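See structure below.
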Amino acid sequence: MKIRVGYELIYNFPQPTPVIVALGIHYSRASDVVVPDHLTTDPAVPISPYRDGFGNWCSRFVAPAGQFRISADGTVRDSGVPDVVAPSAPQQAIEELPAETIVFLLGSRYCETDRLTEVAWSLFGNAPSGWARVQTICDFVHNHIQFGYEHARATKTAREAYQERRGVCRDYAHLAIAFCRCMNIPARYCTGYLGDIGMPPPYGPMDFAGWFEAYLGGRWYTFDPRNNIPRIGRVLIARGRDAADVPIAHTFGPNTLVSFKVWTDEVS
């Protein structure tokens, strides 16, 4: 199957402002790209691409004062197969983990493992290890948090999401990531496109999605506590310790987001 993905973000900047965005399809999907999702701006400005410390494709530019549009429209080929489910995937001992996974065991900006360890062990200490433990964490988070865009807050942490019991997809992911790390399972944050392919209507407004990956049995697996079922057509944009590493747009100055559109549609 083919999926059309893209976005249009319109800002008002009171003055020339440096911006960094992480909005391109992840390099791991490069061979699936049919129509490249090239970043364009209006008015046009010079764009400097680079890869961050996690390998994500980022773009730097200076937005001029006034209204400024950022957009892209691409097509990606997808298998149409739902997220992999591997109930037998085991949890590895910390001493056996690859060195590059260790950073995803540590606390981070939005995932305060030091403040959630006692809670995590009280909730999941008796759960079976491996895949079953991660799924138990996802089940808890899915049922514990009430979804609503009105509950979104840029500064909300995993602990605050746990206490408030409200949030958006990134809050579900942050809380599940923090609990996994507390249980000695490496977990990393993911952002990307996730449409309603294969799902029954009604459909909500389209947005970028947040989920996570857990390291089990020598590889990374996708988990999504917000939806908590295998989904079709997930298109990765970026990975990091949490949302602080992979913001959609990082603006170095005041601005107003005037319009925000995202699309993820199956095409013939």
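Each reported figure results from applying straightforward, stated rules to the coordinates on display, with no laboratory input. Here the structure is a predicted model, which is why all the values come from computation and not from measurement. A quick note on method: Cβ atoms are made from the backbone with ideal geometry, for glycine too, and the neighbour counts reach across all protein chains shown.
I want to make sure I understand the PRE zone here: with the label point 7 angstrom from the Cα of Glu118 toward its beta carbon, which residues in the stretch 162-179 have backbone N atoms less than 17 Å away?
162-163, 179
Where the centroid of each part is defined by its Cα atoms, how far is the stretch 106-121 from the stretch 152-202 in Å?
Each part reduced to its Cα centre gives a spacing of 14 Å.
Evaluate E = 1/(1 + (r/R0)^6) for Met1 and Arg165, where r is the Cβ-Cβ distance and R0 equals 41 Å; express this FRET efficiency to the nearest 0.05. Display every interim value, and only then the final one.
Details: r = 36 Å, r/R0 = 0.89.
Efficiency at R0 = 41 Å is approximately 0.65.
Find how much the distance from Ser129 to Ile229 grows on full extension, using 0.36 nm per residue of separation minus their present alpha carbon separation; answer in nm with one decimal.
Gain on stretching Ser129 to Ile229: 34.0 nm.
Order the peptides 239-250, 58-69 from the highest to the lowest mean number of other Cβ atoms within 10 Å of their residues. If you can, show how the numbers build up before the last one.
Working: 239-250: 19.3, 58-69: 16.5.
Answer by packing, highest mean first, reads 239-250, 58-69.
What residue among His26, His174, His38 has the largest mean-square fluctuation in a Gaussian network model of the chain, using Cα springs under 10 Å?
Largest GNM mean-square fluctuation: His38.
Report the gain in length on full extension from Glu8 to Phe54: 0.36 nm times residue separation, minus Cα-Cα distance, nm rounded to one decimal.
Full extension from Glu8 to Phe54 adds 14.1 nm.
Report the Stokes-Einstein translational diffusion coefficient (µm² s⁻¹, integer) for the stretch 94-240, Rh taken as the Kirkwood radius over Cα pairs, at 25 °C with viscosity 0.890 mPa s.
Roughly 159 µm²/s, to the nearest whole number.
When the chain is fully extended, how far beyond the present Cα-Cα distance does Val267 get from Asp83, taking 0.36 nm per residue of separation?
Residue separation times 0.36 nm, minus the Cα-Cα distance, leaves 64.2 nm.
May I ask you to derive the relative contact order of the stretch 68-157, considering only C-alpha pairs under 8 Å and at least 6 residues apart, and to give it as an integer percent?
36
Can you give the log10 of the normalised intensity I(q)/I(0) at q = 0.07 Å⁻¹, computed with Debye over equal Cα scatterers of the chain?
For the requested q values the scattering log ratios are -0.25.
Can you give the charge dipole size of the stretch 115-267 about its Cα centre, rounded to the nearest 20 debye, using +1 on the beta carbon of Lys and Arg and -1 on the beta carbon of Asp and Glu?
Approximately 360 debye in magnitude.
Which whole-Hz ³J(HN,Hα) couplings does the stretch 208-225 yield from phi under the Karplus relation 6.51 cos²θ - 1.76 cosθ + 1.60, θ = phi - 60°, glycine and proline marked x?
So the Karplus estimates, Gly and Pro as x, are 5, 10, x, 9, 8, 10, 10, 9, 9, x, x, 7, 8, 10, 7, 9, 9, x Hz.
Near the amide H of Val33, under 5 Å away, which other amide H atoms are found, from residues 5 or more places off or on another chain, if H is placed in the peptide plane?
Amide H to amide H, under 5 Å and 5 or more residues apart or across chains, Val33 pairs with Arg77.
Report the relative contact order of the chain, percent, no decimals, based on alpha-carbon pairs under 8 angstrom and at least 6 residues apart.
Computed over the chain, the figure is 30 percent.
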